[in-house]
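Report on the structure given below.
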Amino acid sequence: MKREKLIKKYNICVVGAGHVGLVAAAGFADLGHKVICVDNNKARIAALKKNIMPFYEPDMEELVKKNFKAGTLAFSPSLDEGIKKSRVIFIAVGTPPLPDGSADLTAIENVAMCVAKNLDSHKVIVEKSTVPVQTGQRLKETIKRYKNNDVEFDVVSNPEFLREGKAVYDFFYPDRLVIGAESARAKAIMQEIYSPIKTEFVFTDINTAELIKHASNSFLATKISFINSVSRVCDLAGADVDKVALAMGLDKRIGPQFLNAGIGYGGFCFPKDVEAFTFISKKLGYDFGILKEVKKVNDEQRSHFVNKIKERLWVLKGKKIAVLGLSFKPDTDDMRFAPSEDIVNLLAQEGAALSLYDPKAKAEAQELFKGKNIIFAKDSYTAVKGADCVCFLTEWGEFKKLDFVKVKKMMQHALLADGRNMLDKAQMIKLGFEYIGMGR
Ligand code: UGA
C-alpha cells in the first residue's frame, strides 16, 4: 500500500528497545524521521548496533537493518543523549505488573526526570507505553517540578495497538491512531510525524487516550473469556463452540475476531492490562467486577485443559506427554504469561514425563522451566515419539501441516489434546485419534 508524503521531518528519541519501542523507532525512521532509540540495557544496544535483534518479530530485522544502514536510525545507551538530540521523545519503556496488579511506573518517572534535566528547548513527551489513566498528568507535574527554567513542553498520550507477530504491519497500517494532546502545537506535531500513515486519527485529551488503550485490551480479553465460558457450556451440552462463534461473528455488531476458544489469553499485554485496569478503576472508586471474572475464566481454562487430559489418561504419573507450542501465540518467541507455563507446570506436578517443542521459543522456555525434569525435542516428530498424549498449546502453522498418519504411528497412545481448536476434529477422528477439544 502506498504511503502519503511526510510533511515535516523530526528528530525523534524512542526510549525503550522492546517490542513496542524498537518497532516504533524503526518505523518512524522508515517514515523519514531521524531517530535515536535508547535503552539502559547496554548489551541490547551493543547487539542492535551490530544488527542483532533482541527478539523474534517478522520483518523487524530487515526494517532495522535498512534504516540503520541509511543512517536514519541510531542506537544509544544514553537517555541524556537521546533527549538532548530530539524534539519529540516517545516513551516505550516497560510498565510491568506489581504484586497487587497495579502497573510499575518507575521507568516512566525516570524518563520524566531526565527530560526535566535536559529541557533546553520546546519538546514533546509522548507516552507510548500502556499506562493507567492520569499518568500523563503525573508526567506533566514531574517535569514541571524538576525542570529549572521556563522552557515549555507538551505531554501527549499516543497508545500503541500493535500485535506481536504482526507488529511491523500494524505500525504502518493501524486501524486508528489515538492522540491525546492538550495544545494545538502538540497536536500539529503529532499529525506531521504520522502524516504518511493513512488511517483515522482520533484526537482526545490525555486521560481519554490513556483510557482507550486499557479499555480496548480489556474488551478484547473479555471477548476471549466470554467465548471460553461459552465453550464450557458447549462441552457440557454437547454443542460445537466453533460453529457458535462463527454464527455469532457474522453479526456485524459482534464481529468474527477474538472468538477463538481455547486455553485462554497470555502475553505481556492482556493479563497485565486487565489487572491494571481493574486496579485503577478501584482506585478511582469503581469496582470493575466484569474484569475480575474475565481473569478468573482465563485462569480456569488452563486447569480445565489439564483435567480433560486426566479424564482420559487417568493417572498422569509416568505417562509421556508431548507439548507442541509454548509461546503465548504463534509467530513470536515470547513466553511471558503464556498459558503453556501453567499447563506445563501442572502436568509436571502430576509427574508426567514431558517432551516439549516450539519453533521459536525454545531458549525462552528452557530458561523458564530450568531445573524441571523436561526434555526439549528438536522437532515435532521427535517430541511425539512414544507419547501417550500430544498437547497443542500454540497454533503454529507448521503443526497444521504435520503428517498425522506418521504422528499416530509414532505415538504410544493416539490421544490429541487440542488447546487451540486448531485441528480438523472430524479428520483426526477419521485417522483414528482420540480427540480432546475446547468446547467442541
Ligand atoms: C494485544 C492487542 O491485540 C494489541 O492490540 C495490543 O497493542 C497489545 O496487546 C499490547 O497492548 O501491546 P498481543 O498481546 O500481541 O496484542 O496479542 P494478541 O494477538 O492480541 O493475543 C493475545 C492472546 O489472546 C494470545 O495468547 C492469543 O492466543 C489469545 N487469543 C486471541 C485467544 O485465546 N483467542 C482469540 O480469539 C484471540
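Here are the numbers:
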{"quantity": "Longest DSSP-loop-exposure-free segment, chymotrypsin sites (Phe, Trp or Tyr not before Pro), the chain, at most 13 other Cβ within 10 Å", "calculated": "1-285"}
{"quantity": "Radius, Kirkwood style, for the chain when every pair of distinct Cα atoms is counted (Å)", "calculated": "23.4 Å"}
{"quantity": "5 angstrom amide H check on Ser327, placed H, neighbours 5+ away", "calculated": "Ala361"}
{"quantity": "Helical contribution to [θ] at 222 nm, DSSP H n ≥ 4, -39,500 (n - 2.57), averaged over the chain, rounded to 500", "calculated": "-13500 deg cm²/dmol"}
{"quantity": "Residue-count net charge about Met428 - beta-carbon cut-off 11 Å; Lys, Arg +1, Asp, Glu -1", "calculated": "0"}
{"quantity": "Surface per residue (accessible, 1.4 Å probe) for segment 179-235, Å²", "calculated": "39 Å²"}
{"quantity": "Charge tally in the Cβ shell below 9 Å around Ala116, where Lys, Arg are +1 and Asp, Glu are -1, Ala116 excluded", "calculated": "+4"}
{"quantity": "Share antiparallel - DSSP beta bridges, the chain, percent rounded to 5", "calculated": "5 percent"}
{"quantity": "Two-site FRET efficiency, Arg176 against Leu236, from Cβ-Cβ distance with R₀ of 45 Å, rounded to 0.05", "calculated": "0.70"}
{"quantity": "Cα Rg, Dmax (largest Cα-Cα span) when computed across segment 210-318, Å", "calculated": "15.8, 51"}
{"quantity": "Rounded Å value of the spacing that divides the Cα centres of segment 23-100 and segment 403-440", "calculated": "43 Å"}
{"quantity": "Percent carbon-and-sulfur accessible area, segment 218-436, ignoring ligands, DNA and RNA, probe 1.4 Å", "calculated": "56 percent"}
{"quantity": "Cα-Cα P(r), segment 104-203, percent of pairs per 5 Å interval", "calculated": "2, 12, 22, 21, 18, 14, 7, 3, 0"}
{"quantity": "Amide proton proximity set for Phe268, modelled H, under 5 Å, gap of 5+", "calculated": "none"}
{"quantity": "Leu246 accessible area, assembled protein chains, probe 1.4 Å, Å²", "calculated": "110 Å²"}
{"quantity": "Segment 11-204, Rg to Rh (Cα coordinates; Rh as Kirkwood inverse mean 1/r)", "calculated": "0.94"}
{"quantity": "Whole-Hz ³J(HN,Hα) from phi, Karplus 6.51 cos²θ - 1.76 cosθ + 1.60, for segment 81-90, glycine and proline x", "calculated": "4, x, 5, 4, 7, 10, 8, 10, 10, 8"}
{"quantity": "Residue among Pro330, Cys391, Ala221 farthest towards the positive dipole end of segment 218-436, charges placed on Cβ", "calculated": "Cys391"}
{"quantity": "Rounded to the nearest 20 debye, dipole of the chain from Cβ charges on Lys, Arg, Asp, Glu", "calculated": "740 debye"}
{"quantity": "Largest-first principal axis extents of the Cα set of segment 335-440 (Å)", "calculated": "39, 26, 26"}
{"quantity": "Sum of side-chain charges, Ile189 neighbourhood, beta-carbon under 13 Å (Lys, Arg +1; Asp, Glu -1)", "calculated": "+2"}
{"quantity": "Computed label-point distance, nm, for sites Thr208 and Lys406 using a 7 Å Cα→Cβ extension", "calculated": "5.7 nm"}
{"quantity": "Calculated over segment 218-436: convex hull of Cα atoms, volume per residue (Å³)", "calculated": "130 Å³"}
{"quantity": "Separation in nanometres of the label points that stand 7 Å from Cα toward Cβ, at Ser183 and Lys8", "calculated": "1.3 nm"}
{"quantity": "Whole-Hz ³J(HN,Hα) from phi, Karplus 6.51 cos²θ - 1.76 cosθ + 1.60, for segment 94-104, glycine and proline x", "calculated": "x, 10, x, x, 8, x, 7, x, 6, 8, 7"}
{"quantity": "Calculated from backbone phi, Karplus (6.51, -1.76, 1.60) coupling profile of segment 334-351 in Hz, x at Gly/Pro", "calculated": "6, 10, 5, 6, 5, x, 4, 4, 5, 5, 4, 4, 5, 5, 5, 4, 6, x"}
{"quantity": "Of all DSSP beta bridges in segment 11-204, antiparallel share, percent nearest 5", "calculated": "10 percent"}
{"quantity": "Built amide H within the under 5 Å cut-off of Cys37, gap 5+", "calculated": "Val14, Ala74, Phe75, Ser76"}
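The values are calculated or read from the model by the stated rules, or taken from the named source; none is laboratory data. Keep in mind the model is a prediction, meaning the values are calculated, not measured. Counting neighbours? That spans all protein chains shown, and the Cβs are built from the backbone with ideal geometry, glycine included. To get the accessible areas, we keep the full protein, side chains included, count just its heavy atoms, and leave off ligands, DNA and RNA. Shrake-Rupley method; radii C 1.70, N 1.55, O 1.52, S 1.80 Å.
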